[in-house]
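A.B. asks: Quick one: the structure is below, questions incoming.
The values are calculated or read from the model by the stated rules, or taken from the named source; none is laboratory data. In this text the structure is predicted, and so the values were computed from the model without any measurement. Note that we place each Cβ from the backbone using ideal geometry, even for glycine, and neighbour counts take in every protein chain shown. What goes into the accessible areas is simple: the full protein's heavy atoms, side chains included, and nothing from ligands, DNA or RNA. Shrake-Rupley method; radii C 1.70, N 1.55, O 1.52, S 1.80 Å.
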Amino acid sequence: MKKLALLGSTGSIGTQTVEVAREKNINITALAAYSNIKLLEDQIREFSPRLVAVVNEEAGKELRIKVSDTDTKVLIGEDAVTTVAEESDADILLNSLMGRCGIRPTVAAIRSGKNIAMANKEPLVAAGDIILDEVKRAGVRLLPVDSEHSAIFQCLDSEHNSKKFIKRLIITASGGPFFGRTRAELEKVTLADALKHPTWSMGAKITVDSASLMNKGLEVIEAVRLFGVPAEKIDVTVHRQSIVHSMVEFVDSSILAQMGNPNMKHCIAFALTYPERQSSLCTPLDFTKAFSLTFDTPDEDTFTLLPLARRAVTMGGNAPAVMNSANEEAVSLFLKEKIRFTDIFTLVEEAVNTLPHQSTVTLDSLEEDDVLAREFVNRTAKSIIH
């Protein structure tokens with residue numbers, strides 16, 4: 001039986017991972033979450049993990065009291081997540097944390113010899129070179145959980161379809177709720193509008209990123225890291241049905257696609273049971289019924305964060321990290337309804353264009369850049385008058 005450490009267990013991906021673990025009889029030996037102790041207590045009582053981390057101090061103290069009748073040890077604070085990642089006896093760690101806070105726990109888990117299932121985009125975006133070096137040094141597996149990168153990984157998972165034969169990667173995008181809108185029309189959209197995703201059910205931050213196409217920008221950077229393909233060989237196509245999850249074009253011009261109904265449990269299960277494929281509760285596509293697949297070109301003149309991400313990963317160094325942190329902070333302001341949707345574009349672009357570029361990064365320098373980017377966004381946002 002595989003042993004799983006699950007970071008971000010109370011979020012959208014985390015709760016779906018719990019369902020997969022239950023279905024596949026995977027033993028969850030460690031959990032981490034921010035503050036949802038009601039759900040976390042339920043997970044502790046079902047799976048009896050040895051270690052649990054709670055970031056929020058008050059919530060962590062309350063959870064300790066609630067589960068004092070169990071053998072679970074509750075650690076408290078942001079550093080507790082890294083401790084759980086390092087000290088748990090898991091074979092594989094699934095990182096579904098939100099934002100760049102997942103970087104140090106990922107590195108700690110790799111150094112302790114755990115395979116990594118990565119659902120948290122930001123560590124690979126901000127610290128991809130560092131993480132990949134650690135993976136190589138430790139000799140562990142790094143398995144993507146994002147539907148797009150899981151699809152590409154599956155298309156490449158054979159001797160005859162290996163990375164050396166890649167001509168182009170094609171990442172699909174739903175287009176979000178604002179596909180076809182002009183920049184002027186985006187000026188008027190509301191938070192409620194941005195949270196109406198056409199096909200996927202996700203957390204608020206990722207849903208806003210999907211609406212701005214920053215999600216695709218982050219995925220382009222992830223693909224550069226994971227598959228060793230330069231940004232100019234990665235295309236994005238808008239596929240509203242979200243059935244083709246991504247494609248690989250090979251040097252002979254043949255294209256392989258991975259398809260399925262939009263359901264993250266497939267990607268989660270694939271990563272957790274790899275290299276096997278096991279039966280799934282996901283509903284299969286029914287090709288006896290008519291349905292359409294459409295593909296469109298993304299409007300990069302309107303959704304400018306996608307080309308910005310290409311520029312950032314080409315610049316290298318701290319540029320992707322600055323972009324990512326600025327976006328996190330700008331989206332946070334939008335979710336609090338302090339800025340307009342289009343202000344996200346402006347704030348992130350200005351951060352990348354203004355803050356100093358460093359060609360070499362460390363974990364410590366990335367944390368410094370994170371602070372600088374967030375301070376810049378908050379300072380600049382104060383000057384925006386609507």
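A.B. asks: Rounded to the nearest whole Å², what accessible area per residue is found for the chain with the 1.4 Å probe?
C.D. replies: I get 44 Å² per residue for this part.
A.B. asks: I'd like the Karplus ³J(HN,Hα) series for region 186-196: coefficients 6.51, -1.76, 1.60, θ = phi - 60°, whole numbers in Hz, and an x wherever there's a Gly or Pro.
C.D. replies: Result, rounded to whole Hz: 5, 4, 9, 6, 9, 4, 4, 4, 5, 8, 9.
A.B. asks: Using unit Cβ charges (K, R positive; D, E negative) and no other charged atoms, how large, in debye to the nearest 20, is the dipole of region 257-353 about its Cα centre?
C.D. replies: My answer is approximately 360 debye.
A.B. asks: Moving on to the next point. Would you please report the Å³ per residue occupied by the convex hull of the alpha carbon atoms in region 1-155?
C.D. replies: 102 Å³
A.B. asks: Moving to a separate point now. Rounded to the nearest 20 debye, what is the charge dipole size of region 198-252 about its Cα centre when +1 sits on each Lys and Arg Cβ and -1 on each Asp and Glu Cβ?
C.D. replies: 240 debye
A.B. asks: Per residue of the chain, what 222 nm ellipticity follows from adding -39500 (n - 2.57) for every DSSP H run with n ≥ 4, rounded to the nearest 500?
C.D. replies: -14500 deg cm²/dmol
A.B. asks: Filter the trypsin sites (Lys or Arg not before Pro) in region 293-372 to those in DSSP coil with at most 16 other Cβ atoms within 10 Å of their Cβ, and list the result.
C.D. replies: Lys336, Lys338
A.B. asks: PRE reach from Lys164 (point 7 Å along Cα→Cβ): which of region 218-239 fall under 18 Å by backbone N?
C.D. replies: Flagged as within label range: 227-230.
A.B. asks: Stretched out fully, how many nm does the piece from Asn261 to Thr15 gain, at 0.36 nm a residue minus the Cα gap?
C.D. replies: 86.7 nm
A.B. asks: Would you tell me the accessible area of Asp42, worked out with a 1.4 angstrom probe on the heavy atoms of the protein chains, in Å² to the nearest 10?
C.D. replies: That residue has around 80 Å² of solvent-accessible surface.
A.B. asks: Continuing with the same structure: Per residue, how much space in cubic angstrom lies within the convex hull of the C-alpha atoms of region 200-266?
C.D. replies: 112 Å³
A.B. asks: Mind checking the log10 I(q)/I(0) for the chain at q = 0.09, 0.15 Å⁻¹? Debye, one equal scatterer per Cα, no solvent, two decimals.
C.D. replies: Here log10 of I(q) over I(0) equals -0.51, -1.47.
A.B. asks: List the lysines whose Cα sits under 21 Å from the Cα of Lys73, skipping any in the same chain fewer than 8 residues away.
C.D. replies: Within the straight-line limit of under 21 Å, Lys73 reaches these lysines: Lys2, Lys3, Lys38, Lys61, Lys114.
A.B. asks: Short version: ³J(HN,Hα) in whole Hz for each residue of region 205-211, in order, from phi by Karplus 6.51 cos²θ - 1.76 cosθ + 1.60 (θ = phi - 60°), x for Gly and Pro, what are they?
C.D. replies: Each residue of region 205-211 in turn: 5, 5, 5, 5, 4, 5, 5 Hz.
A.B. asks: Give the carbon-plus-sulfur fraction of the accessible surface of the chain in %, rounded to a whole number; probe 1.4 Å, heavy atoms of protein chains only.
C.D. replies: The C+S portion of the solvent-accessible surface of the chain is 49 percent.
A.B. asks: Among all the lysines, which ones have a C-alpha under 29 Å from Lys338's C-alpha, if same-chain residues fewer than 8 places away are not counted?
C.D. replies: Lys121, Lys188, Lys196, Lys205, Lys216, Lys382
A.B. asks: On the first, second and third principal axes, largest extent first, how far apart are the outermost C-alpha atoms of region 118-195 in Å?
C.D. replies: Principal axes ranked by extent give 49, 27, 17 Å for the Cα atoms.
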